[in-house]
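These notes are about the structure you will find just below.
The values are calculated or read from the model by the stated rules, or taken from the named source; none is laboratory data. All of these numbers come straight from a predicted model, not from anything done at the bench. Counting neighbours? That spans all protein chains shown, and the Cβs are built from the backbone with ideal geometry, glycine included.
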């Protein structure tokens, strides 16, 4: 994790960077912010994230009818990061 600016967060893992910024105008009751990342080694990613406290809700790793194995992470503002790998 890192960042040089207030209210701005950067997360790094391998070759991926995710950038987040604070939006004081955001209505958290109506937020449908979401990002989907296709990955390989989803079991290892899931295991590593569930073993380390993140302060975010991590959903269950599940196989979906559309041919993906997926889980999601949701922060306190209901932003959702979903990760999936082809089955």
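What about residue 65, is it over 27 Å from residue 26 (Cβ atoms), assigned to a loop (DSSP other than H, G, I, E, B) and either in contact with a strand residue (DSSP E or B) (Cβ under 9 Å, 6 or more places away or on another chain) or at pLDDT below 90 (or both)?
For residue 65, the condition - over 27 Å from residue 26 (Cβ atoms), assigned to a loop (DSSP other than H, G, I, E, B) and either in contact with a strand residue (DSSP E or B) (Cβ under 9 Å, 6 or more places away or on another chain) or at pLDDT below 90 (or both) - is not met.
Just give me the residues in region 40-72 being crowded, with 17+ Cβ neighbours inside 10 Å and either touching a helix residue (DSSP H, G or I) at 6+ places or on another chain (Cβ under 7 Å) or more than 20 Å from residue 20 (Cα to Cα) (or both), in sequence order.
Result: 42, 45, 46, 61, 68, 69, 70, 71.
What number of residues in region 27-57 are closer than 18 Å to residue 78 by Cα and in a loop (DSSP other than H, G, I, E, B)?
Qualifying residue count for the region: 11.
Tell me yes or no: at least one residue of region 13-26 is on the phi < 0 side of the Ramachandran plot, touching a residue at least 40 places away in the same chain (Cβ under 8 Å) and either outside any strand (DSSP E or B) or in contact with a helix residue (DSSP H, G or I) (Cβ under 9 Å, 6 or more places away or on another chain) (or both).
Yes, region 13-26 has at least one match.
Does residue 60 fit the bill of being assigned to a loop (DSSP other than H, G, I, E, B) and either farther than 17 Å from residue 14 by Cβ or without any contact (Cβ under 8 Å) to a residue 60 or more places away in the chain (or both)?
yes
Tell me which residues, restricted to region 78-87, are over 12 Å from the mean Cα position of the chain (by Cα) and assigned to a loop (DSSP other than H, G, I, E, B).
87
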